[in-house]
Amino acid sequence: PYLEQCKREGGPNAHFLGKIDHRSPLLESAYAAASVLVLPSYIETPGLCALEAGLAGTPLVVTELGCTREYFGEHAAYVHPSDPEGIRAAVRKVLDNPPDTRPLRERIHSRYLWRHAAAATRAGYEKALAARAERGGAT
């Protein structure tokens, strides 16, 4: 019932693609073809879909709650999830005047790719192991 309501509300301007495999080149193409990605959730880290869409050059409208500003800085529009009119206004603004998404892509590319997460995780483990070794623990 929820999907059907979304389809009714979205009308002819909303496209529901269904599941796309994460490894499919169609996913990047879908992000790149989107006019805007909207993720106005109550409890959300930045959301992988927002990071992926931003990397593909899609403008973002995301929740103002949580740590989204830390990730996207000034390169996203922020909304409160309980404000439908604010969400509508932010989406309309992005659609009417699409932002330059190059700074957003560069921000994500330079900070939030999997290789950055892996390097930070490794550095954390190495630091923990070094601290343990200094205390005389086994490594």
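Determine, yes or no, whether Cys6 is over 17 Å from Asp100 (Cβ atoms) and modelled with pLDDT of 90 or more.
no
Which of the residues belonging to region 82-99 are crowded, with 16+ Cβ neighbours inside 10 Å and free of Cβ contacts under 8 Å to residues at least 12 places away in the same chain?
Gly86
How about region 44-69: which of its residues are out of contact with any Gly (no Cβ under 7 Å at 6 or more places or on another chain), part of a loop (DSSP other than H, G, I, E, B) and of a type in the set (Val, Ile, Thr)?
Selection gives Thr58 alone.
Considering only region 100-119, state which residues are closer than 17 Å to Val36 by Cα, open to solvent by 60 Å² or more (accessible area, probe 1.4 Å) and within 16 Å of the chain's Cα centre (by Cα).
Hits for region 100-119 are Arg102, Arg105.
On the basis of being exposed (fewer than 13 other Cβ atoms within 10 Å of the Cβ) and not in a helix (DSSP H, G or I), does Gly136 make the cut?
Taking the combined requirement at face value, the residue satisfies it.
Quickly run through region 39-74 and pick out the residues that are more than 17 Å from Arg111 (Cβ to Cβ), of a type in the set (Val, Ile, Thr) and at pLDDT 95 or above.
Residues satisfying the conditions are Thr58, Val61, Thr63.
Residue by residue through region 17-60, note down the ones that are among the hydroxyl-bearing types (Ser, Thr, Tyr) and buried (at least 16 other Cβ atoms within 10 Å of the Cβ).
If the condition is that a residue be among the hydroxyl-bearing types (Ser, Thr, Tyr) and buried (at least 16 other Cβ atoms within 10 Å of the Cβ), then Tyr31, Thr58 are the ones that fit.
Of all residues in region 80-99, which are hydrophobic (A, V, I, L, M, F, W, C) and either within 14 Å of the chain's Cα centre (by Cα) or in a loop (DSSP other than H, G, I, E, B) (or both)?
Passing the criteria: none in range.
The values are calculated or read from the model by the stated rules, or taken from the named source; none is laboratory data. Owing to the predicted nature of the structure, the values given are computational and were not obtained by experimental measurement. Here the Cβ is made from the backbone with ideal geometry for all residues, glycine too, and neighbour counts use every protein chain on show. Just the protein is used for accessible areas: all its heavy atoms, side chains included, with ligands, DNA and RNA removed. Shrake-Rupley method; radii C 1.70, N 1.55, O 1.52, S 1.80 Å.
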